[in-house]
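Written below as structure tokens is the structure these notes are about.
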Amino acid sequence: EHRRDSREHMVRESRQDRELGACPRESPSFHGHFTTLTISREPGSKHGAKDGAVGTGRGGGSASSGAATATTALFEPGRDGQTPQVVVLVGAPGMGKTTMVRKVMVEWREGTLHTQFDFVFCIDCKAIVLPTEASVADLVSQCCPGLRVPAGEILDDQKRILFIFDGFEALGFSWVQPEAELSSDPREVKPLELTLMSLLKRTVLPEASLLITMRPTALGSLRRCLKGEYYMEILGFSAARREEYFHRYFENPNKADMAFRFARGNEILYSLCAIPVMSWTICTILEQELCGKKNLLECPKATTGMMMFYLSQLLKHRDRDSPQDLQQFLLQLCSLAAEGIWKHKVLFEEKEIKDCGLDQPDLLPFFLNERIPGEGEDHGTVYAFTHLHLQEFFAAMFYVLEDDGEMVSSLGRLEKDVNKLLESYNKSRKDLNVTVRFLFGLVSQESIEYMDKTIGCRISPRAREELLEWLQGRHRGLSQPGQALKVSEMDTFHFLFEMNEKSFAQSALGHFTDLDLRDTKLTLYDQMALSFCIQHWAGLGCVTLQGCSFHWQDPEAELDASVPCALVVRRREELPCPIYLLCQALRHQDSALQVLRLQWCRLSESCCAELAALLAEHPGLACLELGDSSLGDSGVRLLCEGLRTPGCRLRILR
């Protein structure tokens, strides 16, 4: 009866979802919306420890060999056979710490897990108002005022009790307390710091269990207090769980498929989806886009827009700083990020953080994690950005964030030279691609206004002209003398799509007449970028996509055994033909297209209806090359219908 009463009360308390990034629509079924997280069971596990980032690769978020993927792992015996009594669950903001606590509470109430505990007391350190003096019994009474059993009686059976402190760093206490003043009596009233320290150091209720959730940046002080603790780190969503999250978020399976294909086709976004709050951010934005459209093929939200929305959500929960303080902090943060990107550096020592003026507890945890050291490692505290792409985003901001001229970084050897960044990327530093892409996105007029109004940061538009001149110059250099000026680098289309400004794209492409890409695997994101640019490229006369393939989802997804066959079939049936976006873009009213080369693209019958429509509506098209395609008899019949239309002026068909 005690367990049932306590469970029912505690779950009522835990239903208040305060974790950043949790879906704002409360569901009556918690399990229906919970997606399993990957948890590293060893301190400093190989995953993420060496590069200091979660999911920095295309398949980021995959578990290491010692990782578990459910809350059952929290109090299971470790490799040494010992069952932990003190578990510290570490995760960056938005990784799902509070959601994990809710999962523990729900499973305990239902009696499916954690049945070794008769009582679970959960203290939300971010929200609860604690007295300045209290005993452990007082904390229990305040946490569960409706208990029918006296708190003192509950505490007699220590082994059956679990205390949960969610967001421990929010208490903000000094954890340096005299050992002699610690309590051993759960009924003894002491200053709150001493009472909590007594629980941590096991001088009171030494046989009770503790679950503490906190951000990595607060680990240093806690380590000095605990004894026999067991660290676990939330690594986020594995590759398999990201698609599951999208389907749980969207009630409509068609919208879920469409949204996930959009994210999966963008390598940066897909990698960032390892962070639960980033998955929530992307789903939230795509849901808004889908409200007004039947599909996402015209979705204007590029990667930079997603990142800015994510940043605004993070900072929405901070203590209100003055705009000047935030601008100053971001200047230093961006300087650190850029310095690291140039030096291939993702781990930063504590001294660097302090020298940069970044040791601000109300802001630092939103951006940097303290790395959990591995067993046997002896080093000072080191920090890393939550994800490599976040570091690249802030590195791009370094070049465009307005400076009052007085700020000199301790790492101030780095100049805000946009041209140096662009030329280094052009010559050899292809690892700077994501940083350059974010740079284009940040200087769009929409981004400048959003950063100013929503986040309070001033972005300088001065880099726009340098970016324009660089784009025009790099392709002139690639074109042979006497030949047509052509664009032959896919990243150019990524950059222009990231900025997403019609006039800028027109200026950048206006001097060129040819598009020439060969043997390229074009993802959905690539095709959207191409489509955007072609629509605003008035002088485009020749398109060569020789040996290119058009993909609307990852081909490996169809081979995933976890995806039901019926779902795969339904997806195939709903997909447009592979060249749908290309043909739609080429049919824009100002198109000057004369030559379209699609040889060795392995086009099928499904493409012929779009090609026929293009022939019928595009009188300027004189040459169409479709070598090595499998059009079939019925496909050729569709082409013939296009050829017969009065608007067709085709002269050469290969």
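The values are calculated or read from the model by the stated rules, or taken from the named source; none is laboratory data. Fair warning: this is a prediction, and the values are worked out from it, not measured in the lab. Positions of Cβ are backbone-derived with ideal geometry, glycine not excepted, and every protein chain shown enters the neighbour counts. Note: accessible area is taken over every heavy atom of the protein model, side chains too, but ligands, DNA and RNA are not part of it. Shrake-Rupley method; radii C 1.70, N 1.55, O 1.52, S 1.80 Å.
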Looking at 171, 219, 155, 205, which is the one that is within 23 Å of residue 126 (Cβ to Cβ) and either open to solvent by less than 20 Å² (accessible area, probe 1.4 Å) or not hydrophobic (A, V, I, L, M, F, W, C) (or both)? 219
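Regarding residue 129, is this residue without any contact (Cβ under 8 Å) to a residue 24 or more places away in the chain, out of contact with any helix residue (DSSP H, G or I) (no Cβ under 6 Å at 6 or more places or on another chain) and not acidic (Asp, Glu)?
Numbers: without any contact (Cβ under 8 Å) to a residue 24 or more places away in the chain: yes; out of contact with any helix residue (DSSP H, G or I) (no Cβ under 6 Å at 6 or more places or on another chain): yes; not acidic (Asp, Glu): yes.
Answer is yes for this residue.
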Considering 292, 305, which residue is open to solvent by 20 Å² or more (accessible area, probe 1.4 Å) and modelled with pLDDT under 85? 292
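For the subset of the stretch 127-149 comprising residues that are charged (D, E, K, R) and out of contact with any strand residue (DSSP E or B) (no Cβ under 7 Å at 6 or more places or on another chain), which member is farthest from residue 164 (Cα to Cα)?
The initial filter retains those residues of the stretch 127-149 that are charged (D, E, K, R), namely 133, 138, 148.
Still in the running and out of contact with any strand residue (DSSP E or B) (no Cβ under 7 Å at 6 or more places or on another chain): 138, 148.
Values: 138: 15, 148: 21 Å.
Residue satisfying both the conditions and the ranking: 148.
It is to be established whether one or more residues within the stretch 121-143 are of a type in the set (Gly, Ala, Ser), under 38 Å from the mean Cα position of the chain (by Cα) and either more than 30 Å from residue 387 (Cα to Cα) or open to solvent by 10 Å² or more (accessible area, probe 1.4 Å) (or both). Full working, then the answer.
Taking the stretch 121-143 first, the residues of a type in the set (Gly, Ala, Ser) are 127, 134-135, 137, 141.
So of that shortlist, the ones also under 38 Å from the mean Cα position of the chain (by Cα) come out as 127.
Of the ones still in play, those that are also either more than 30 Å from residue 387 (Cα to Cα) or open to solvent by 10 Å² or more (accessible area, probe 1.4 Å) (or both) are 127.
Yes, the stretch 121-143 has at least one match.
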Of the conditions (1) open to solvent by 20 Å² or more (accessible area, probe 1.4 Å); (2) under 22 Å from residue 273 (Cα atoms); (3) at pLDDT below 90, the single one that residue 433 does not satisfy is (3)
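Take the stretch 236-246 and flag every residue that is open to solvent by 60 Å² or more (accessible area, probe 1.4 Å) and either modelled with pLDDT of 90 or more or hydrophobic (A, V, I, L, M, F, W, C) (or both).
As a first pass, look at the stretch 236-246 and keep what is open to solvent by 60 Å² or more (accessible area, probe 1.4 Å): 240-241.
Listed by number, the list holds a single entry, 240.
Looking only at residues that are open to solvent by 40 Å² or more (accessible area, probe 1.4 Å) and assigned to a loop (DSSP other than H, G, I, E, B) in the stretch 579-599, which one is modelled with the highest pLDDT? I'd like the intermediate steps shown before the answer.
If we filter the stretch 579-599 for residues that are open to solvent by 40 Å² or more (accessible area, probe 1.4 Å), which is where we start, we get 580, 584, 587, 589-590, 592, 594, 597.
Restricting the remaining residues to those that are assigned to a loop (DSSP other than H, G, I, E, B) gives 587, 589-590, 592, 594.
Numbers: 587: 90, 589: 81, 590: 83, 592: 91, 594: 95.
Of everything passing the filter in the stretch 579-599, 594 is modelled with the highest pLDDT.
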Filter the stretch 177-206 for residues that are of a type in the set (Asp, Glu) and more than 16 Å from residue 131 (Cβ to Cβ) and give the result. 179, 181, 185
So, in the stretch 373-389, how many residues would count as being closer than 12 Å to residue 349 by Cα, modelled with pLDDT of 80 or more and among the hydroxyl-bearing types (Ser, Thr, Tyr)? 1
Which ones in the stretch 114-163 are modelled with pLDDT of 85 or more and basic (Lys, Arg)? 159, 160
Within the stretch 502-526, track down each residue that is under 25 Å from residue 463 (Cβ atoms), open to solvent by 30 Å² or more (accessible area, probe 1.4 Å) and out of contact with any His (no Cβ under 7 Å at 6 or more places or on another chain). 503, 507, 510, 511
So which residues in the stretch 497-532 are within 25 Å of residue 602 (Cβ to Cβ), of a type in the set (Asp, Glu) and assigned to a loop (DSSP other than H, G, I, E, B), if there are any at all? 519
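Got a sec? Which of 449, 392, 370 is at pLDDT 90 or above, more than 21 Å from residue 473 (Cβ to Cβ) and surrounded by 14 or more Cβ atoms within 10 Å (Cβ to Cβ)?
Working: 449 fails: surrounded by 14 or more Cβ atoms within 10 Å (Cβ to Cβ); 370 fails: at pLDDT 90 or above.
Step by step, each of 449, 392, 370 is checked, and only 392 is at pLDDT 90 or above, more than 21 Å from residue 473 (Cβ to Cβ) and surrounded by 14 or more Cβ atoms within 10 Å (Cβ to Cβ).
Of the residues in the stretch 344-359, how many are open to solvent by less than 60 Å² (accessible area, probe 1.4 Å) and either part of a loop (DSSP other than H, G, I, E, B) or touching a Lys or Arg at 6+ places or on another chain (Cβ under 6 Å) (or both)?
So in the stretch 344-359, the residues open to solvent by less than 60 Å² (accessible area, probe 1.4 Å) come out as 346-348, 352-353, 356-358.
The next check asks that each one be either part of a loop (DSSP other than H, G, I, E, B) or touching a Lys or Arg at 6+ places or on another chain (Cβ under 6 Å) (or both); those that pass are 346-347, 356-358.
Adding up the residues that qualify gives 5.
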Count - residues of the stretch 414-455 that are in contact (Cβ under 8 Å) with a residue 24 or more places away in the chain and within 22 Å of the chain's Cα centre (by Cα): 20
Taking the stretch 397-417 and the residues there that are at pLDDT below 55 and among the aliphatic types (A, V, I, L, M), the one that is surrounded by the fewest Cβ atoms within 10 Å (Cβ to Cβ) would be 408
